[in-house]
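To start, the structure under review is shown below, and the notes come after it.
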Amino acid sequence: MRHCCSVLFVNTFTTSRSAFLCSRPQELSPSKMAAGGSGGLSFPGVVGNSTPSNRLGSSASSYNYSGGAAASSPGNQAASTVSSTGASPPAVPPPPPPAVAGLLHREPVYNWQATKTTVRERFTFLFNNEVLSDVHFLVGKGVGSQRIPAHRFLYSDEVQIGPETVMTTLYTAKKYAVPALEAHCVEFLKKNLRADNAFMLLTQARLFDEPQLASLCLENIDKNTSDALNAEGFTDIDLDTLVAVLERDTLGIREIRLFNAVVRWSEAECQRQQQPITSENKRKSLGKALSLIRFPLMTIEEFAAGPAQSGILTDREVVSLFLHFTVNPKPRVEFIDRPRCCLRGKECNINRFQQVESRWGYSGTSDRIRFSVNRRIFVVGFALYGSIHGPTDYQVNIQIIHTDSNTVLGQNDTGFSCDGSSSTFRVMFKEPVEILPNVNYTACATLKGPDSHYGTKGLRKVIHESPTTGAKTCFTFCYAAGNNNGTSVEDGQIPEIIFYT
């Protein structure tokens, strides 16, 4: 009978939990008592004195017979059919005679809800006690084990997260589909994102499929590339994360320093794989990542002092890169030569001429045009006119000079191949050149090659409007005096400026 009552106690409160949370103690009349009533909630089948869990769970006044059974009710009869053995239920005792009523006594009332003024306090009480617990966890072994009660529902939206627990908490929130807790964890990580932990958090964000957090980590790495690469967590990332970073056009670091960091990662990876740290094993550990190093963006001096002597590149790769640096036409190389712009958004360009003519000759002096802009931009290259005599290769030195101080802000000795058409052909700087608003700069191009096309009907002002944001970038051009091959606002070379906003 006791086992039967215990089962019914759990079932009664499982199905009547909402009523339990709202119940209030009420005084019982003898008629209610005789009928088994308990101020709005009945406890059918409870035998003798209440157990501690019965008393904790009750939110109403309870009366019991001294040494007797509780009053009979339909609930008693239903409860009596629940048995772990399947045996026939015992006979239900008749109601007590009136003489026994005088032997009734009232046990002390324990109404835990009456001492709690808010729902939060009530849930906190449930959290810290075994009242209505659904399950118990046995944690630990032997004398050190603990019995911890738990419920199937969450107690509140309050959560305490720290650096030591956030990852395990995020894992648990995802495993058990608790989006509110997951959001708390992700928000904590966002607030604590720094350059020195960006790579570690990026790895975790990719592992837990948190694209928004991963995007924030990548943006932080773009802005603080050097600091992020120098952090301890960089060499601990996996190969897929390394590849995802090296594929970006927006890393703010010189390519030679990026190469040195990648070499450090490869040495750590050899140790993880318990392989000797040799050039061959470092190349093998890098896999696809090696092809994402943009060796053509280095100067010939940087390449010769570092990658060329590292043993990571093959002899054929070293030779082809040296040829790329020194001869024209430049041979094809297996490595990307697109600049890392350190910028977001799309590449933009403006053309200052409305018509193309022939011919423009070169005598060793620079074609120059002075310009200013109304907003901060980054210039990544120029577009130049090519030969009027068919397919031809040109050598060219491009520069951007701060006009007032005559300081060279960016330059590149490079070349390009043209097809003889009146189209323009791109030449790029190794790194973006920052252009500040309302400051005078001079764009220079010194070409070696045959006569070319040139532009006419030049515009003094050219406005570029962003198709996505509508933001306008206004270029103002004027003649650059000095060592000028003849280019002016009206006609000449350097028709296009390629930039990011």
**OP:** Could you give the spread of the C-alpha atoms of segment 249-321 along their three principal axes, from largest to smallest, in whole angstroms?
**Re:** 35, 29, 19
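Kindly flag which residue pairs out of 141/191; 190/472; 430/461; 430/472; 175/346 have an alpha-carbon separation exceeding 29 Å in this structure.
Values: 141/191 38 Å; 190/472 32 Å; 430/461 27 Å; 430/472 26 Å; 175/346 38 Å.
Result: 141/191; 190/472; 175/346 exceed 29 Å.
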**OP:** Report the far tail of the P(r) of segment 364-501, meaning the percent of Cα-Cα pairs longer than 18 Å.
**Re:** 53
Subject >> Heavy-atom SASA rank of 352, 257 (probe 1.4 Å, accessible area, largest first) >> reply: 257, 352
Subject >> Using alpha carbons only: equivalent-ellipsoid semi-axes of segment 279-391, gyration tensor based, whole Å >> reply: 35, 21, 13
Original post:
From the phi of every residue in segment 321-337, what ³J(HN,Hα) in whole Hz does the Karplus formula 6.51 cos²θ - 1.76 cosθ + 1.60 yield, where θ is phi - 60° and glycine or proline is x?
Top reply: 6, 4, 5, 4, 6, 10, 10, 10, x, 6, x, 5, 10, 8, 10, 5, 10
**OP:** Find the eigenvalues of the gyration tensor of the Cα atoms of segment 139-297, then list the square roots of 5 times those eigenvalues as equivalent ellipsoid semi-axes, largest first, in whole angstrom.
**Re:** 37, 20, 12
Original post:
In nanometres, what is the gap between the two model label sites at residue 334 and residue 279, each 7 Å from Cα along Cα-to-Cβ?
Top reply: 1.5
Original post:
Residue by residue, what Karplus-based ³J(HN,Hα) values in Hz, rounded to whole numbers, does segment 293-302 have, using 6.51, -1.76 and 1.60 with θ = phi - 60° and x for Gly and Pro?
Top reply: 6, 8, 4, x, 7, 7, 6, 4, 5, 4
Original post:
Using a 1.4 Å probe, how large is the accessible area of residue 277, given in Å² and rounded to the nearest 10?
Top reply: 80
**OP:** At 7 Å along the Cα-to-beta-carbon direction for both residue 227 and residue 143, put a label point, then send me their distance in nm to one decimal.
**Re:** 5.2
**OP:** Work out the FRET efficiency for residue 215 and residue 257 from their Cβ-Cβ distance, taking R0 = 22 Å, and round it to the nearest 0.05.
**Re:** 0.35
**OP:** Would you check the accessible area of residue 394, probe 1.4 Å, heavy atoms only, in square angstrom rounded to 10?
**Re:** 0
**OP:** Starting from the residue with the highest accessible area, list 143, 245, 159 in decreasing order, probe 1.4 Å.
**Re:** 143, 159, 245
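Could you rank 151, 402 by how accessible they are, 1.4 Å probe, largest area first?
Details: 151 25, 402 45 Å².
Descending accessible area places them as 402, 151.
Give, to the nearest whole percent, the P(r) tail of segment 199-290 beyond 21 angstrom, counting all Cα pairs. The partial results should precede the final answer.
Numbers: 1164 of 4186 pairs.
It works out to 28 percent of all Cα pairs.
Tell me the GluC sites (Glu not before Pro) within segment 245-280 that lie in a loop according to DSSP and have at most 12 other beta-carbon atoms within 10 Å.
Numbers: sites: 247, 255, 267, 269, 280; in loops: 247.
Passing both the DSSP loop test and the Cβ count: 247.
I'd like the carbon and sulfur percentage of the solvent accessible area for segment 367-486, probe radius 1.4 Å, heavy atoms only, ligands and nucleic acids excluded. Spell out each step's value before the answer.
Numbers: 2420 of 5360 Å².
Here it works out to 45 percent.
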Original post:
What nm distance separates the two modelled labels at residue 153 and residue 136, each placed 7 Å from Cα along Cα→Cβ?
Top reply: 2.3
Original post:
Say R0 is 30 Å: what FRET efficiency, to the nearest 0.05, do residue 129 and residue 238 get from their beta-carbon distance?
Top reply: 0.10
Subject >> Per residue solvent-accessible surface (Å²) - segment 347-501, probe of 1.4 Å >> reply: 44
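The values are calculated or read from the model by the stated rules, or taken from the named source; none is laboratory data. Quick caveat, the model's predicted, so the values are computed rather than measured. All Cβ positions, glycine included, derive from the backbone under ideal geometry; neighbour counts span all protein chains shown. SASA here: full protein model, heavy atoms, side chains in, ligands and nucleic acids out. Shrake-Rupley method; radii C 1.70, N 1.55, O 1.52, S 1.80 Å.
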